[in-house]
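Structure, as structure tokens:
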Amino acid sequence: MTATTGGVIAFAAVMAVGALSPGPDFAIVVRRAAVSGRARGMATAAGIAAGVFVWAVAAATGVAALLAASAFVFTAVKVVGAAYLAWLGVRAVVAAARGGGGTLGEPAGRDDTTLPAAFRQGLLCNVLNPKAAVFFVALMPQFLDPDAGVVDAVVLAAVAAAVALLWFLGVANLVAAMRRLLDRPRVRRAIDAVTGVALIGLGVRLAAARF
């Protein structure tokens, strides 16, 4: 392992700061836990952590840098990611208009989101965000020596995923613990509306972003 223990701790601290920054990942975990409960909120958190692991490995192996260097590929990922966020947001707003409490894409009062679907939602939200590629391309070289091997990259990627997982599991559990309060129709409608508008705004912002 070329990275020192201190370096790994510093890397984890930087990842913690990044995880705490509000963004689409936070929005979908909050809504999924509020609407679908603890298990599906945690599955969404696991999907986000898997996405973080993918980007960290991609950055460490140079794949993310190649993506960032290709204007066409990078733009394509950005557009698809923005469209996905906007789609999630529109579905949430529609659920709010129908009275709140539906899943992303299902009418109010009907919540049949499966655990794999919740996991996939978290995974896609993160993997389709090219900002993550830029973040890891800038971050990983600072904590990996030029002669670092695959094991070093995987270790740091695992640390990044673990930090993201711990944070979003905490968010999911906190929101789920408040679910009795959040079950009120007006509160559900407000959650749907706020997270929906936030996701649409994040999608528009991503589509217009220049890196």
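The values are calculated or read from the model by the stated rules, or taken from the named source; none is laboratory data. In this text the structure is predicted, and so the values were computed from the model without any measurement. Cβ sites come from the backbone with ideal geometry, for glycine too, and all protein chains shown count toward neighbours. What goes into the accessible areas is simple: the full protein's heavy atoms, side chains included, and nothing from ligands, DNA or RNA. Shrake-Rupley method; radii C 1.70, N 1.55, O 1.52, S 1.80 Å.
Below are the figures for this structure:
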| item | result |
| --- | --- |
| ARG40 being modelled with pLDDT of 80 or more, under 24 Å from LEU115 (Cβ atoms), charged (D, E, K, R) and open to solvent by 30 Å² or more (accessible area, probe 1.4 Å) | yes |
| Scan of region 68-96 for residues that are of a type in the set (Gly, Ala, Ser), modelled with pLDDT under 80 and open to solvent by 30 Å² or more (accessible area, probe 1.4 Å), ordered by number | ALA68, ALA69, SER70, ALA71, ALA76 |
| Close pairs from region 37-51: first among the charged types (D, E, K, R), partner assigned to a helix (DSSP H, G or I) and surrounded by 24 or more Cβ atoms within 10 Å (Cβ to Cβ), Cβ under 6 Å, at least 6 apart | ARG40/ARG32; ARG40/ALA118 |
| Members of region 158-173 that are more than 13 Å from the chain's Cα centre (by Cα), touching a residue at least 24 places away in the same chain (Cβ under 8 Å) and farther than 10 Å from ALA50 by Cα | VAL159, ASN173 |
| Residue that is surrounded by the most Cβ atoms within 10 Å (Cβ to Cβ) [pool: residues in region 98-137 that are modelled with pLDDT under 80 and of a type in the set (A, V, I, L, M, F, W, C)] | LEU104 |
